[in-house]
1. Restricting attention to the range 169-203, which residues are of a type in the set (D, E, K, R), crowded, with 16+ Cβ neighbours inside 10 Å and within 27 Å of ASN120 (Cβ to Cβ)?
2. Being of a type in the set (Lys, Arg) and part of a helix (DSSP H, G or I), is that true of even one residue in the range 78-92?
3. Can you pull out the residues in the range 1-23 that are more than 20 Å from GLU265 (Cα to Cα) and more than 14 Å from the ligand (Cβ to nearest atom)?
4. Given the conditions (1) closer than 21 Å to GLY197 by Cβ; (2) touching a Leu at 6+ places or on another chain (Cβ under 9 Å); (3) within 16 Å of the ligand (Cβ to nearest atom), and given that LYS133 satisfies all but one, which numbered condition is not satisfied?
5. So, in the range 112-126, how many residues would count as being part of a helix (DSSP H, G or I) and of a type in the set (Lys, Arg)?
6. Looking only at the range 102-142, which residues are touching a strand residue (DSSP E or B) at 6+ places or on another chain (Cβ under 7 Å) and of a type in the set (Lys, Arg)?
7. When you scan the range 69-86, do you find a residue that is within 16 Å of the ligand (Cβ to nearest atom), within 15 Å of the chain's Cα centre (by Cα) and at positive phi, even just one?
8. Counting only residues that are away from the ligand (no atom under 12 Å from the Cβ) and buried (at least 19 other Cβ atoms within 10 Å of the Cβ), which one in the range 24-34 is farthest from LYS71 (Cα to Cα)?
Amino acid sequence: MSESKKYAVFTIDVEAFSDTGCISALGKNACSDADSCLMDGLERYLSLLEWHGIRSTMFALASTAKKLGDKLREYVRRGHEPALHGLNHTSLDSMDNERFREETVAAKALLEKELGTDINGYRAPFFSLDNEKLEILNELGFSYDSSRMAYPGSDHNGKLDVSGFDKVLCEAYRRGDFFEYGISHKKFFGMNVPISGGGYIRLSGPGWGAVRSMIESYAKTEDLYIFYLHPFELSQNTPPCPRELAAHDKYYLRHGLRDYCAKIEAIIDILKRHGFEFITFDALTRILKQKGGTPCGSSS
Ligand SMILES: [Zn+2]
C-alpha cells in the first residue's frame, strides 16, 4: 500500500486586538490604543515557525495591512504567504452579497498593491462564510477559502456546506479548481472537538494533556492539519480587559497566554514525528490541482 503524503498548514489571522469580537462589540475604537503593542505576537509566531523551518499563511485584513505594510512586506520576503481576511473585521452575516463582493474586490486590490503580490486565498472574519458568498470568491478568482468550521463555535459560523465538493484530503474539498480547507477537528464520542489552535488550544488548561493526545491520535490517521491563531495570543504584553466585558470574555482574552508557545511547539513536534510536510495554502493548492479531480476520501 502506498503511503499518502500528509500536510500541515500553520496560519495566522492578521487582525488588530480591537478586532476581537468581544472587544469590537464594545463600540468603535474600544482598546485600539493597545493594538500596536499586542501585534508583537505576529513576529513571535512567525519567528517560532521559522525556527522550525515552517512558513505561515497570513490571512490579513486590508485595514491592518495598511498600517503594517513594511512589516508584512518583510514577512513576505521571509517566505510567509499573504491571503485575505477581509476589508474590515465585519461578520459576513451582517453583509448582503453585493456589499461582500464590493468589499472583497477592494480589499484584494488593496492587499495586492500593498504587498506587491497576488492574493489567492480567503478566510472570513469569524469563519462566517456561507455558500452564496463562497460562489462570489470563486467568481473573483480566488483559488481557495479556509472558513469552514465543522464544530460549534460562535453564532456566525457553521454555514458552509461542502456536499457539492470532492473530498481530497481530511477537511480539504475540491470543486473544479477551487478548494475549501476546513479547520481541523477530532471526532470524540460523536462530537467534533476543535484541535486547530485559536482559543480552543490556548484555553485547554489542565485539559491540555487530553487535547495533545487527540492531536497525536489525529496525526496518526489523517493527512491534513490546519492551525490558526491571532497575534494577541502570542504577545508578550497583557491584553487590556475592560470592566464591562463578561467573565467568559475576560477568561478568553487573558487565559493560557504564557504557555501558548510551548503548546504550539508540542504540536509541531507531534506533526514532525508523524511525517507531516509543512506547507502554505498556495503551495498545497498547486499540488492538489496537479493531482486532478480524483477524491482520495480519508475518514472524517
Ligand atoms: Zn478574524
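Bear in mind that the values in this text are calculations on the coordinates, not laboratory data. Just so you know, these numbers come straight off a predicted model, no measurement behind them. Cβ coordinates were reconstructed from backbone atoms using ideal geometry, including for glycine residues, and neighbour counts include every protein chain displayed.
1. GLU171, ARG174, GLU180
2. Restricting attention to the range 78-92, the residues satisfying the condition of being of a type in the set (Lys, Arg) are 78.
With part of a helix (DSSP H, G or I) added as a condition, the list becomes none.
No: the range 78-92 contains no residue that is of a type in the set (Lys, Arg) and part of a helix (DSSP H, G or I).
3. MET1, SER2, GLU3, SER4, LYS5
4. Among (1) closer than 21 Å to GLY197 by Cβ; (2) touching a Leu at 6+ places or on another chain (Cβ under 9 Å); (3) within 16 Å of the ligand (Cβ to nearest atom), the lone unmet condition for LYS133 is (1).
5. Within the range 112-126, residues that are part of a helix (DSSP H, G or I) and of a type in the set (Lys, Arg) number 1.
6. LYS108, ARG123
7. Among the residues of the range 69-86, at least one is within 16 Å of the ligand (Cβ to nearest atom), within 15 Å of the chain's Cα centre (by Cα) and at positive phi, which makes the answer yes.
8. If we take residues in the range 24-34 being away from the ligand (no atom under 12 Å from the Cβ) and buried (at least 19 other Cβ atoms within 10 Å of the Cβ), then ALA30 is farthest from LYS71 (Cα to Cα).
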